[in-house]
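**Q** Can you read through this structure? Questions will come right after.
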Amino acid sequence: MTSQDLIQEIQALKAERNAVILAHSYQRPEIQDLADFVGDSLALARKAQEAQCDVIVFCGVHFMAETACILNPTRTVLLPDTNAACSLEQSCPAEELEAFLREHADKNYYVVAYINCSIGVKALADVIVTSGNSQRIIETAPADRPILFVPDRNLGAWTARKVGREMTLWNGACHVHERFTRDKVLEMKAQYPDAEIVCHPECQEPIRLLADHICSTEKMIPYCKESAAKQFIIATESGILHRLRKLVPGKEFIGLGVEKCSCNECEYMKLNTLEKLRNCLRDMAPEVRIEEELRKRAELPLQRMLDLSL
Ligand code: 13P
Ligand code: SF4
């Protein structure tokens, strides 16, 4: 079967199931091209909440599909590959966070959780943030309580500096963004001296210090459109390059590679394929299911974020 046949089959199944396909910007180009909507974690959470159709097929990783279930519990949410995990989610198990909060109960932490975490962690948080709104949300945090930021130490450190507020940071990281090295940035900058370096805040500080601009995947699009530069070295997962090339024609986008490799992929994001997407619509599985009591607790900090980032 050709990929064109597969795409036609997916379109037919999508209509039959009354489904919408949401895809993160790190998905494979062919998935982005057939999705009804492509975006970052924040935009996808909003789209999932607004979805009117019966089925949401989430082409992203598990925590994103779980977030769709939390925000729109009456829909069926499908994830083409249930192994699509996230190293940030894995770096902060809910039981460990719960134990930490118990141990430090005297501090009365205001818990800010990056959306890249499990439903259990969301349920323990006061508010959720994404890389696109962390600054804005943390500016509204109560001034009289210390902030605990979980799970990403890089996004946490970057936001703390932007907001000018100290925070206790959980020691978690995204293994994809942490693979970038300062040497590789310098090597590529020497190769493309006119290029601007645009990086995601999940990158480590030495990379952030060399960047011309730091922002979420979604904000990279208007930034690159409006910048006078014609060439950009992009320090995030390679999937965004497809979107940038499509939406910002006439400019050149070069992915920041890792040592001995020109490409940087999230193996979890890339688990979703056209074939698995077809299979999940055909079989109505794998379906993401969550427990109602936990859902209600996780919905509160998520909704708080959505209300604050209007
Ligand atoms: P954004 O979608 O918020 O840019 O985050 C990137 C990411 O790593 C998602 O897993
Ligand atoms: Fe998680 Fe990093 Fe993959 Fe994003 S790129 S899904 S943060 S492992």
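Just so it is clear, none of the values below were taken in a lab; they were calculated from the coordinates. Because the structure is predicted, anything quoted here is derived from the model rather than measured. Methodologically, a virtual Cβ is constructed for each residue, glycine included, from the backbone with ideal geometry; neighbour enumeration extends over all protein chains shown.
**Q** At most 15 other Cβ atoms within 10 Å and a DSSP loop assignment: could you name the GluC sites (Glu not before Pro) in region 118-209 that fit?
**A** Working: sites: 139, 166, 178, 187, 196, 202; in loops: 139, 166, 202.
Answer by residue number: 139, 166.
**Q** Could you give me the percent of Cα pairs per 10 Å distance bin for region 147-268, shortest bin first, beginning at zero and ending with the bin that holds the maximum distance?
**A** 13, 45, 32, 9, 0
**Q** Bin width 10 Å, origin at 0, all Cα-Cα pairs of region 220-292: what percent of pairs per bin?
**A** Per 10 Å bin, starting at 0, the Cα pair percentages come out as 16, 34, 26, 19, 6.
**Q** Contact order normalised by length for the chain, with contacts defined as Cα pairs under 8 Å and 6 or more residues apart; what percent is it? Show your work: numbers first, answer last.
**A** On the way: 601 pairs, mean separation 70.7, N = 310.
Reported as a whole number, the value is 23 percent.
**Q** Also, I was wondering about something else. Would you list the P(r) distribution for region 97-175, with all Cα-Cα distances sorted into 10 Å bins from 0 and each bin expressed as a whole %?
**A** 20, 58, 22, 0
**Q** Whole number please: convex hull volume per residue, Cα atoms of the chain, in Å³. Don't skip to the answer; put the middle values down first.
**A** Details: hull volume 41.5 nm³, N = 310.
So the per-residue hull volume is 134 Å³.
**Q** From the Cα trace of region 179-239, what convex hull volume per residue do you get, rounded to a whole Å³? Intermediate values should be presented prior to the final figure.
**A** On the way: hull volume 4.8 nm³, N = 61.
Measuring per residue, one finds 79 Å³ for the Cα hull of region 179-239.
**Q** Mind scanning 225/246; 14/122; 14/246 and naming the pairs with a C-alpha gap bigger than 21 Å? List each step's numbers first, then the result.
**A** Values: 225/246 11 Å; 14/122 30 Å; 14/246 24 Å.
Beyond 21 Å between Cα atoms: 14/122; 14/246.
**Q** To continue, here is another question. Exposure proxy check: 241, 300 ranked by fewest other beta carbons within 10 Å? Working shown, then result.
**A** Working: 241 19, 300 16.
By the 10 Å Cβ count, ascending: 300, 241.
**Q** Please report how far the C-alpha centroid of region 214-229 lies from that of region 53-76, rounded to the nearest whole angstrom.
**A** 28
**Q** Among all the aspartates and glutamates, which ones have a C-alpha under 17 Å from residue 260's C-alpha, if same-chain residues fewer than 8 places away are not counted?
**A** Once the sequence-local aspartates and glutamates are set aside, what remains near residue 260 is 178, 183, 187, 237.
**Q** For region 1-103, what is the convex hull (Cα atoms) projected area averaged across all directions, in square nanometres? Provide the component values of the computation, followed by the final result.
**A** Working: hull surface 30.4 nm².
Taking the Cα atoms of region 1-103, their convex hull projects to 7.6 nm² on average.
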